[in-house]
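The values are calculated or read from the model by the stated rules, or taken from the named source; none is laboratory data. It should be emphasised that the depicted structure is a prediction, and the values quoted were computed from it without experimental measurement. Quick reminder, even Gly has a Cβ in these numbers, built from the backbone with ideal geometry, and neighbours come from all protein chains shown.
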Amino acid sequence: MTRRVQCVKLGREAEGLDRPPLPGALGQRIFEHVSKEAWQEWQRYQTRLINEYRLNLLDPAVRKFLSEQLERYFFGEETARGSDKGPAEKEHPPFLGSEKEGEGKGC
């Protein structure tokens, strides 16, 4: 029998994760309130963030940014009722400056 959770992202009951995806309190919170389906959506979104912003995962500021985005993605104000756009689509990461590399620069 699979474990079921009331998913905060999907707004309905769905199959839960097999184990906490991260160590610590945040990982436990995700385990208790996020479905497998929503976690897979997050992983695709995270990959998009990494590729779009060309993030270096060795940079502590980048890891902090992704952790903040993860928490906002699942537990932010727009969860389960908001748009498909994640928080990062509304603002650029502070360590990138005001625009992404190559954008807004004339040739």
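The set of residues from the stretch 1-11 being surrounded by 12 or more Cβ atoms within 10 Å (Cβ to Cβ), of a type in the set (A, V, I, L, M, F, W, C) and assigned to a loop (DSSP other than H, G, I, E, B) comprises Cys7, Val8, Leu10.
For Lys90, the stated conditions do not hold, so it cannot be described as at pLDDT below 95, closer than 16 Å to Lys9 by Cβ and surrounded by fewer than 17 Cβ atoms within 10 Å (Cβ to Cβ). Taken over the stretch 12-65, residues that are acidic (Asp, Glu), surrounded by 11 or more Cβ atoms within 10 Å (Cβ to Cβ) and not in a helix (DSSP H, G or I) amount to 3.
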